Amino acid sequence: MNSAPESLAYTLDEENTSFLTKVLNSIQAVGHTILYFLELVGRISRFIGKAIAHCFMPPFFPAQILRQIIDIGYYSLPVVGMTTLFTGMVLALQTYTGFTRFNAESAVAAVVVISITRELAPVLAGLMVAGRIGAAIAAEIATMRVTEQIDALTTLSVNPFKYLIAPRVIAGTLMLPLLVLIGDIIGVFGGYMVGVHSLGFGAGSYITQTWDVLESMDVISGLVKAGVFGFIVSILGCYHGYHSARGAQGVGAATTNAVVSSSILILIFNYIITQVFFS
Amino acid sequence: MSTAQPNTPKISLQGVTKSFGPKKVLQGIDLDVPAGKSLVVIGGSGTGKSVMLKCILGLIEADQGSILIDGQDTTHLKGHDRDEMMGKFGMLFQGAALFDSLKVWENVAFGLVQGRQMKKRQAQEIAIEKLIAVGLRPEVGHLYPAELSGGMQKRVGLARAIAANPEIIFFDEPTTGLDPIMADVINELIRDCVGKLGATALSITHDMGSVRKIADEVAMIHDGKIIWQGPIEKLDNSGNAYVDQFIHGRASGPVTKHGTHTIQKQTAS
């Protein structure tokens, strides 16, 4: 039998060891998370580098690029159009009711056009396209991965980066600015409709005010954002699809990850680009 | 065509290893496939058959060892050289792996049009020829893969694999999921196509009916190693307990659900 002091010392020693183990385990868990994150960033960066290189190196697949341009650009037009139309309409109403408190109703046209071109059209179009196209790209490529169609491409001497990834990235990067430009016009038109037909503004004065306040940099900054968002949506859709795990669960996870990661990155890059243009 | 010496194996694997994290899938594969022969690799699930095939095709890079095609080391080939090497290969995937957005004839002609920049019209003619060669009517060429049965999809996959007249054709579980009659049809087509092309064939399968039909030589993979290789005629008298257990499909034997002992490769003379 241990004497009482020896027993107490043993218990304290055990407690210290247990505490130390817990601390070390926590540090190890943090270390694992950091390593995993760094590995992920490395893998995505390598994928992006490879994808960009294949966008500029022949052979090109024009039919595939055209197909993606139609898929991403043309078929996203109704979604983007509806989103910006109603956003412009709501913005005009909200601005009017809010600004009435400060007797500043006349600023409605200015607020609508600046908000739409600088922020709302690119961000909302980006998010809508992330939901529609990012998910579709990830699901299609993940299914091709699961059913060995990507391996089949390689065995047929066709590089999957050239045939699958590059056309989607090119189409995404080129089409989103075009969608946003159309979205800008539709959004401003939505504000005009509400302003003129519901809030009692004169049609001529609303248009003049819109035109006077609009600067080229408002539109350009929105289009630059759109290009970056289009690249983010397409590349992350491709990345998550290409690295999908096996089975239906893998395809589902790839789709979810593509939409979530591109939506978050859109919001982060929106801040960064705004800072670059307007700070 | 190849410029290799007459006795050089068409495919030669020397000490090929591959691990995924802590899991060692291939643990030193040594395998020679003679030119113009059909070699079938048998083995249980999870023994490394598919990984071995993907290593040869360059879809997965081996950790160690050499993979020689016509005597040329292809283990770490990349880019243009790899694409050129791929021109020698044809592959029939387990699930056919047809591109579902393309019509059947476009699937068959895909490697010719996209990989070899052949004119579409000429590639379509070849595709129809190959479809006929695998017993399909030309009209099938205008359907989409989703409109075909599993057996027909396998035939289209076979037509695609032979479309460019490859020197080497790989078959990954060619009869899995097919009824016995269709499985036999596919086996006959494989034998026929490989024979007519004079190609070298490397197949992996569990299906012993398929093995007996298409193999000139058989090798057995177990725990990431080739443990027996010999001509098909010697398969029933291999003298290898693992091969005996596998070909007779017995639950009792050296292979248990808990694993096996370490074993050395045997070659039948």
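The values are calculated or read from the model by the stated rules, or taken from the named source; none is laboratory data. Everything quoted here is computed from the prediction, not taken from an experiment. FYI the Cβ positions are ideal-geometry reconstructions off the backbone, even for glycines, and counts take in every protein chain you see.
Observations, loosely collected:
- If the condition is being within 23 Å of the chain's Cα centre (by Cα), surrounded by 16 or more Cβ atoms within 10 Å (Cβ to Cβ) and of a type outside the set (Lys, Arg), then the stretch B:115-130 contributes B:115, B:126, B:127.
- Residues that are assigned to a helix (DSSP H, G or I) and in contact (Cβ under 8 Å) with a residue 12 or more places away in the chain within the stretch B:223-248 comprise B:232, B:234, B:235, B:241, B:242, B:243, B:246, B:247, listed in sequence order.
- Apart from one condition, residue B:182 fits all of (1) modelled with pLDDT of 90 or more; (2) surrounded by fewer than 20 Cβ atoms within 10 Å (Cβ to Cβ); the exception is (1).
- For the stretch A:136-151, the criterion of being away from every other protein chain (no Cβ under 14 Å), buried (at least 23 other Cβ atoms within 10 Å of the Cβ) and of a type outside the set (Phe, Trp, Tyr) is met by at least one residue.
- The stretch A:190-217, residues that are surrounded by 13 or more Cβ atoms within 10 Å (Cβ to Cβ) and among the hydroxyl-bearing types (Ser, Thr, Tyr): A:192, A:205, A:206, A:210
- For the stretch B:41-55, a residue qualifies if it is in contact with a helix residue (DSSP H, G or I) (Cβ under 9 Å, 6 or more places away or on another chain) and more than 14 Å from every other protein chain (Cβ to nearest Cβ), and the qualifying residues are B:41, B:42, B:43, B:44.
- Any hit, the stretch A:161-180, residues being within 14 Å of chain B (Cβ to nearest Cβ), of a type in the set (Ser, Thr, Tyr) and without any contact (Cβ under 8 Å) to a residue 60 or more places away in the chain: no
- Among the strands (runs of 3 or more DSSP E) confined to the stretch B:1-106, the ones with at least 1 residues that are on the phi > 0 side of the Ramachandran plot and surrounded by fewer than 18 Cβ atoms within 10 Å (Cβ to Cβ) are located at B:11-20, B:23-33, B:64-69.
- Flag if residue B:127 is among the aliphatic types (A, V, I, L, M), under 30 Å from residue B:47 (Cα atoms) and in a helix (DSSP H, G or I): no
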